[in-house]
Amino acid sequence: MLVVLGVVGFIVAVLVLTRPPAAIDAEVHLLGSYMVMAGLLRIGRAGAGDGMAMPRRVVHGVLGTFVLVAGVAAVVHPPGELSAWVVVIAIAWVLEAGVVLTGSTFSSARSLSLVAAVLCVCIAVALLLYPVIGVRASTASSAVFLVLFSAAQLFEGVLTWVPARYETRSAPGRPR
């Protein structure tokens, strides 16, 4: 799942960077599409369990549902006042940070989860600052943070997907 989200994140980041810089509306749609997919995958992971205790599964599923709802709202938002929809997608990124933190069960990749959660918050802040720093800086910085977030997701996905290799070497037994 994390590998899929990482790849999709890279694709969305490239689309954000290659579209006209004045169209923050398109960025809201793209990031909303990512949130729809992330929410669905997070809900599926909570349902499957994936090594999580029941309370963590419930929190993961609830946060995943909120991410999904915010993503759908951002994708289907009507034209007009965009700042409200930027806030919705920024809230979705903060929720995604919570989902990342509640879903991390593998201690070997926990530091990547923390990095990914911080990057989610950075994306939210970059989006919320668009009136102050400008649309071009906001979209560029959120896309860069998305690339870094996607890399963290990919690495964590690879670390949790590929089983650790432990070579056990036993000393040859002494003949008795």
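The values are calculated or read from the model by the stated rules, or taken from the named source; none is laboratory data. On a predicted model such as this, the values are computed, not experimentally measured, just so you know. Note that we place each Cβ from the backbone using ideal geometry, even for glycine, and neighbour counts take in every protein chain shown.
Key figures
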{"quantity": "Selection from region 88-102 of residues that are in contact with a His (Cβ under 8 Å, 6 or more places away or on another chain) and within 18 Å of Ala46 (Cβ to Cβ)", "calculated": "Val99, Thr102"}
{"quantity": "Any hit, region 108-129, residues being β-branched (Val, Ile, Thr), farther than 17 Å from Gly6 by Cβ and either within 17 Å of the chain's Cα centre (by Cα) or modelled with pLDDT under 85 (or both)", "calculated": "yes"}
{"quantity": "Whichever residue in region 121-160 is surrounded by 22 or more Cβ atoms within 10 Å (Cβ to Cβ) and among the β-branched types (Val, Ile, Thr) and, among such residues, is nearest to Leu41 (Cα to Cα)", "calculated": "Ile123"}
{"quantity": "Residue within region 30-49 that is at pLDDT below 85, outside any helix (DSSP H, G or I) and over 27 Å from Val16 (Cβ atoms) present", "calculated": "yes"}
{"quantity": "Residues of region 30-56 satisfying the condition of being surrounded by fewer than 17 Cβ atoms within 10 Å (Cβ to Cβ) and of a type outside the set (A, V, I, L, M, F, W, C)", "calculated": "Gly44, Gly47, Gly49, Asp50, Gly51, Pro55"}
